[in-house]
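Enquirer: Could you have a look at this structure, given as structure tokens, before my questions?
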Amino acid sequence: MDSLTQIALGGAVGYAVLGSKVGRKAILWGAALGTLPDLDVFLPYAGEVEAFTYHRGFSHSILMHLLVSPIIVWLILKVHTHTTVYKKGWFWLVFLTLSTHAVLDSLTVYGTQLLWPLTEYPFGVSNLFIIDPLYTLPLLFCLTIAATPKISHANASRVNAVGLIVSTLYIAWSLGAKVYIDKKVEAALVEQGKSSTHFMSTPAPLNTFLWRIVAMSNNQYYEGYASIFDSPSEVSFTTFATDPDLLKNIDNEWGVQRLRWFTKGFYAIKQNGNNVVLQDLRMGAECGYVFNFAVGEYVEGTVVAGNYEKISMRPDLGQITSIWDRIWDPSVPLSPTLINGKCPILAAK
């Protein structure tokens, strides 16, 4: 999730755990620790693929959080020596703010290695978009009230608890909505005669009422949108081509295998000039994918390993305004306009 959300969640969890004992400093420590796992983005990775697939790795592991929590508590008590009596409470504050950060991240589609080093599997439930005001605002609003000095700790605790309860209920709603959408998509694929090996659903930006669908098939994939108000016949799909044969000569390259694994099979292979580009279909939308890598290049008519440069795609932000309309009206188009069957906006970063 975004940094503001993690700060709000960390502060709220921190105050819920130890606010009654150490006051509003629990909010400050919770907010700070709520952002700590994401500092792995500043590590000097060897390349773009490593930076992409190792993010949310060890720093997001619940097992690592258990190991580092006592060390962080020791440092905190060096600052707040008069709170040593609450050492156990500080441990739970540290561990829960770190671990709830990781668990919340695992609810997005990116992938979070919750059990590193036992497994590098990137857990990604994909029931929340990376920025969702309906989750964040109740937390932030109630935390702001709780942090107000004029409010008693008893009332602040109650208000803070309301924020945590409301945001947690929203997560429960999003999980239920995802199950409902997935069943609807299964019916839509059958009803519309589209064969698919596997599909995924993830919320469209800023909401959980409209969901983006990616369904993989042989040498093609479908991008679709499904509102919770759609019938199966109203779920919209657009077909796009992928050319996995372009990987034939470089299929055993570590970078290619790593990306195929991390994307869980939701990727497309396309030619862009002399480059062979692997696109992660999970994040973004057609002609606006967030993660694209030049995994190969043509040299004298043969595909050889590329430099794995990250390729930028500039999305049409104007479509964001159509999302609200598409929730209610299945005839609202969200698919991009292609030129000769291709996106015109791929550009080397």
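The values are calculated or read from the model by the stated rules, or taken from the named source; none is laboratory data. This one's a predicted model, so the numbers in the text were calculated from it and none came from an experiment. Counting neighbours? That spans all protein chains shown, and the Cβs are built from the backbone with ideal geometry, glycine included. Remember, those area values only see protein heavy atoms, side chains included, never the ligands or the DNA or RNA. Shrake-Rupley method; radii C 1.70, N 1.55, O 1.52, S 1.80 Å.
Enquirer: Report the residue count in the range 162-198 for those that are outside any helix (DSSP H, G or I) and open to solvent by 60 Å² or more (accessible area, probe 1.4 Å).
Expert: Final tally of qualifying residues: 5.
Enquirer: Look at residue 128 and say whether it is open to solvent by 10 Å² or more (accessible area, probe 1.4 Å) and not in a helix (DSSP H, G or I).
Expert: It is false that residue 128 is open to solvent by 10 Å² or more (accessible area, probe 1.4 Å) and not in a helix (DSSP H, G or I).
Enquirer: Within 22 Å of residue 32 (Cβ to Cβ), modelled with pLDDT of 95 or more and either hydroxyl-bearing (Ser, Thr, Tyr) or part of a loop (DSSP other than H, G, I, E, B) (or both), is that true of residue 119?
Expert: No.
Enquirer: Considering every residue within the range 4-16, establish whether at least one is aliphatic (A, V, I, L, M), under 21 Å from residue 120 (Cα atoms) and in contact with a helix residue (DSSP H, G or I) (Cβ under 8 Å, 6 or more places away or on another chain).
Expert: No.
Enquirer: Restricted to the range 209-239, and to residues that are outside any strand (DSSP E or B) and in contact with a Phe, Trp or Tyr (Cβ under 7 Å, 6 or more places away or on another chain), which residue is most open to solvent (accessible area, probe 1.4 Å)?
Expert: Once the filter is applied, the top-ranked residue is 229.
Enquirer: Still on this model: Looking only at the range 131-161, how many residues end up being exposed (fewer than 15 other Cβ atoms within 10 Å of the Cβ), not in a helix (DSSP H, G or I) and not β-branched (Val, Ile, Thr)?
Expert: Qualifying residue count for the region: 3.
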